[in-house]
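First the structure, in the form of structure tokens, and then the observations on it.
The values are calculated or read from the model by the stated rules, or taken from the named source; none is laboratory data. Owing to the predicted nature of the structure, the values given are computational and were not obtained by experimental measurement. Positions of Cβ are generated from backbone atoms using ideal geometry, with glycine treated the same way; all protein chains shown enter the neighbour counts. Ligands, DNA and RNA are excluded from the accessible area calculation, which covers all protein heavy atoms including side chains. Shrake-Rupley method; radii C 1.70, N 1.55, O 1.52, S 1.80 Å.
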Protein chains: 2
Amino acid sequence: MTLDFWFEFASTYSYLTVARIEAVARAAEVSLRWRPFLLGPIFREQGWDDSPFNLYPVKGRYMWRDMERLADGYGLPFTRPTTFPRNGLLAARVACAALQESWLPEFVRGIYHANFAEDRDISEPDVVARVLEGVSQAPQEWLERAGAAATKARLREHTQEATRLGIFGAPSFAVGEEIFWGNDRLGDAIAWCRLGGAG
Amino acid sequence: MTLDFWFEFASTYSYLTVARIEAVARAAEVSLRWRPFLLGPIFREQGWDDSPFNLYPVKGRYMWRDMERLADGYGLPFTRPTTFPRNGLLAARVACAALQESWLPEFVRGIYHANFAEDRDISEPDVVARVLEGVSQAPQEWLERAGAAATKARLREHTQEATRLGIFGAPSFAVGEEIFWGNDRLGDAIAWCRLGGAG
């Protein structure tokens with residue numbers, strides 16, 4: 001079975017998952033499909049024009065403390081970004097252009113690291129370019145591919161597919177039509193996958 | 001160290017926690033304080049006049065499916081209640097009156113079972129009375145204590161204390177001022193407790 005990993009570059013908890021999902025999936029012999037999408041359009045459908053962590057400050061305060069604790073537990077560097085959420089559109093388009101590339105996971109980790117460990121503005125082409133260089137890719141080539149109509153359409157399709165599946169947050173995991181939401185639930189999603197989706 | 005367990009009788013995920021928290025805490029040699037509170041006033045402060053699972057139906061659909069899966073995994077009976085959320089005020093007052101009683105955990109489990117396994121209206125005194133009888137208590141006596149001014153004040157204090165701690169959902173766990181939210185995070189809360197709250 002295949003586990004679809006739905007992530008959004010602005011999502012804090014996705015940073016925790018991105019750091020460990022490859023090792024977890026490999027150990028469980030589960031194949032992984034990386035599915036970048038945008039939460040913005042999904043939030044807007046729920047009437048939110050911002051992250052719920054900003055709209056509901058009590059929940060936001062908890063999340064930042066929780067991220068510190070969890071990153072600490074995983075041994076991951078973490079710095080609360082000075083801007084949240086950051087616009088991950090460009091990075092998500094690069095990821096959509098590179099879905100078949102072996103360096104995709106490393107690129108994804110690089111973008112999350114830039115956002116949540118280095119406090120870089122991942123909406124800036126220069127920042128995305130530096131992450132591409134870090135995975136030995138020519139930035140100009142991939143930034144151009146990111147801007148191609150077919151790439152933009154793919155990201156829109158991903159977001160529509162996430163909406164259809166009932167995804168409302170990130171990270172989410174899908175085994176066929178079965179959805180698991182949250183970094184906490186990666187283990188459950190993997191277990192479901194290994195049971196062949198039969199429960 | 002002591003783990004404070006904050007629960008609300010209307011909360012679906014709290015049902016899962018209530019079923020296992022005593023065994024988990026005992027195995028970890030952590031002492032437990034049961035802290036009934038009301039989410040309604042906290043939700044109203046966030047501008048919600050209903051459960052977010054009703055206000056955001058996409059999230060609600062996920063939650064009901066997730067509850068089925070998780071209850072199945074824990075071997076717990078689960079029936080989606082015909083009314084959600086149910087008003088847990090009376091049951092929470094009984095629990096506040098009975099905080100020092102050895103039968104409190106069994107009573108709490110009984111109320112959740114009535115709500116989420118038997119689809120009973122836990123706001124009805126008759127339903128609460130039957131659960132009290134099930135734990136060998138005289139219903140009349142405890143329903144009277146539930147209505148006492150001191151009991152009502154205690155529940156209000158609990159809800160105020162939850163608000164002060166930054167609690168915004170149930171179940172939540174507190175180790176001193178450190179908060180963990182969600183049935184998924186019971187293990188983390190217990191681990192934090194065992195580390196003496198030092199992280």
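Below, the figures for the structure above:
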quantity	calculated
Heavy-atom accessible area order for B:Met1, A:Met67, largest first, 1.4 Å probe	B:Met1, A:Met67
The protein assembly as shown - percent of accessible surface contributed by carbon and sulfur, probe 1.4 Å	47 percent
Pseudo-label separations to other copies for B:Glu177 - Cα-to-Cβ vector, 7 Å, nm	4.8
Net charge of Cβ neighbours under 13 Å - reference B:Glu141; Lys, Arg +1; Asp, Glu -1	-2
Other protein chain Cβ atoms within 10 Å, averaged over every residue that makes up A:185-194	1
Length released on extending from A:Ser102 to A:Arg26, taking residue separation times 0.36 nm less the Cα-Cα span	25.9 nm
Choice from A:Tyr15, A:Tyr112, A:Tyr56 showing the highest fluctuation, given a GNM over chain A with Cα pairs closer than 10 Å	A:Tyr56
Calculated over segment A:27-97: convex hull of Cα atoms, volume per residue (Å³)	154 Å³
Segment A:2-194: relative contact order in percent, alpha carbon pairs under 8 Å with at least 6 residues between	32 percent
J(HN,Hα) series, segment B:21-28, from Karplus relation 6.51 cos²θ - 1.76 cosθ + 1.60, nearest Hz, glycine and proline x	5, 5, 5, 5, 5, 4, 4, 8
Across the identical copies, how the B:Pro139 labels are spaced - nm, sorted shortest first, 7 Å along Cα→Cβ	7.3
Interchain or long-range residues, amide H under 5 Å from A:Gly88's placed H	A:Ala10
Cα-Cα pairs of segment A:72-113 separated by more than 18 Å (percent)	39 percent
Exposure rank, largest accessible area first [B:Arg185, A:Arg154, B:Arg164; 1.4 Å]	B:Arg164, A:Arg154, B:Arg185
Accessible area buried between chains A and B, both sides summed, probe 1.4 Å, in Å² to nearest 100	2100 Å²
Copies compared at A:Ala191 - label distances in nm, ascending, label defined 7 Å from Cα in the Cβ direction	1.6
Long-range tail of P(r) for the protein assembly as shown (Cα pairs > 40 Å, %)	21 percent
Positions from segment B:45-65 whose accessible area shrinks by 50 Å² or more when the full protein complex is built, not the chain alone, probe 1.4 Å	B:Gln46, B:Tyr56, B:Val58, B:Lys59, B:Tyr62
Separation in nanometres of the label points that stand 7 Å from Cα toward Cβ, at A:Glu45 and A:Asp72	3.8 nm
Accessible area of A:Ser51 in the full protein assembly, 1.4 Å probe (Å², nearest 10)	10 Å²
Of all chain B residues, the one whose C-beta is nearest the axis that brings B onto A, in angstrom	B:Asp184, 2
Vicinal HN-Hα couplings computed from phi for segment A:2-18 (Karplus, 6.51 cos²θ - 1.76 cosθ + 1.60; Hz; Gly/Pro x)	10, 9, 8, 9, 9, 9, 9, 5, 7, 7, 4, 5, 5, 4, 5, 6, 4
Solvent-accessible heavy-atom area per residue, rounded to whole Å², over chain A at 1.4 Å	44 Å²
Scaled radius of gyration (Cα, divided by 2.2 N^0.38 Å) that chain B gives	0.97
